[in-house]
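Everything on this sheet refers to the single structure shown next.
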Amino acid sequence: MKFEKITEMPSLHDHLEEKSVHELLVGINEEDKKVAVAVEKAIPQIEKLIESIVPKMKRGGRIFYLGAGTSGRLGVLDASEIPPTYGMPNTYVIGLIAGGDTALRNPVEAAEDSAEKGWKELCDRNVGPLDTVIGIAASGTTPYVIGALHHCRKAGILTASISCNPGSPVSREADIPIEIIVGPEFVTGSTRMKSGTAQKLVLNMISTATMIKMGRVKGNRMVNMQLTNQKLIDRGARMIVEETGLDYDTAKELLLLHGSVKKAVDEYMKHQ
């Protein structure tokens, strides 16, 4: 395993403190426009990863996101949104961040510098060959992520990486490296900006496409969403109305009885 540093490319913008707010916003926006184009170039690798994940998940496999700092927070965020959006238990997509939950809000000194910590945390969760471990590291040099992927590959566990530097160490430890080359940040080295946006877009693609292929969406509707507030209950009831032709009050009653749009519609259709 190599943990060499990659030299950060200087920003294409300089003397930022001398610019007006308008100039700053235009400059940031100019850089942000480059992100979707960079993600598009990596669609073949993202597709390959999802096609590999789905059969494993159908047999009980899980997705682990692993990262530090902004990258780790984005992984935890994506994982945390799967249960409410798609009704999957929180044991199927798991986000791990160097330094644990404390690191979600505060920096944890040297948390990302251990090449063994990430692997240990995976082992604590009984990671196995049906699982997929996705390392997220903008620079591609984070020991916490690289070490975990290295051990996973030795154990025959599918690995992928999401990074923003070409040919980085984390890519070399991944079975499926996804490289989103967004170029230098508006503020040099501030990977919470374009790199973070790129990683978020890729995570959206991975989790959304996977959940659709797992049957958690019908048409374009979140038919398995958790009914955690009145807005979602209303949305669910209206879905049932559209699907069955029932009146709104009956649809809402059916929804609350069965707990999800899918279960409510399935039960209704059984008796028709």
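The values are calculated or read from the model by the stated rules, or taken from the named source; none is laboratory data. For clarity, every value in this text was computed on a predicted model and none was experimentally measured. With ideal geometry, Cβ positions are generated from the backbone for all residues, glycine too; neighbour counts draw on all protein chains shown. The area values use the complete protein model at the heavy-atom level, side chains included, leaving out ligands, DNA and RNA. Shrake-Rupley method; radii C 1.70, N 1.55, O 1.52, S 1.80 Å.
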Query raised in the report: In whole angstrom, how far apart do the alpha carbon centroids of region 34-69 and region 151-179 sit?
Result: 11 Å
Report summary line: Ordered by number, the trypsin sites (Lys or Arg not before Pro) in region 1-105 that occupy a DSSP loop and have at most 16 other Cβ atoms within 10 Å are Lys2, Lys5, Lys19, Arg59, Arg105
Report summary line: Tilt, helix 230-244 to longest principal axis of the chain (alpha-carbon atoms), in degrees rounded to tens, equals 60 degrees
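For the chain, give the percent of accessible area contributed by carbon and sulfur heavy atoms, probe 1.4 Å, rounded to a whole number.
Details: 7230 of 13870 Å².
Carbon-and-sulfur percentage of accessible area, whole number: 52.
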Query - Furthest towards positive pole of dipole, Gln272, His151, Pro184, structure part region 114-272, Cβ charges - result: Pro184
Query raised in the report: Can you list the aspartates and glutamates whose alpha carbon sits under 15 Å from that of Lys117, skipping same-chain ones fewer than 8 residues off?
Result: Asp101, Glu109
Requested in this report: Please calculate how many Å² of accessible area the chain carries per residue, with a 1.4 Å probe and no DNA, RNA or ligand atoms counted.
Outcome: 51 Å²
Query raised in the report: Excluding Gln45 itself, what net charge comes from residues whose Cβ is under 14 Å from its Cβ, given Lys and Arg +1 and Asp and Glu -1?
Result: -3
Requested in this report: Please list, or write none, the lysines whose alpha carbon is within less than 30 Å of the alpha carbon of Lys19, excluding same-chain residues fewer than 8 places away.
Outcome: Lys33, Lys34, Lys194, Lys200
Query raised in the report: Taking the Cα-to-Cβ direction at Ala155 and at Met9 and moving 7 Å from each Cα, how far apart do the two end points lie in nm?
Result: 3.6 nm
**Report entry** Residue among Ser20, Gly259, Asn165 farthest towards the positive dipole end of the chain, charges placed on Cβ
**Finding:** Gly259
Requested in this report: Calculate the spin-label point distance for Asp113 paired with Lys33, positioning each point 7 Å from the Cα along the beta-carbon direction, and give it in nanometres.
Outcome: 4.2 nm
Query raised in the report: With axes computed from alpha carbons, what is the tilt in degrees of helix 43-58 against the longest principal axis of the chain, rounded to the nearest 10 within 0 to 90?
Result: 50 degrees
Requested in this report: Run the quick spin-label model on Lys231 and Leu257: label points 7 Å from Cα toward the beta carbon, then report their separation in nm to one decimal.
Outcome: 2.8 nm
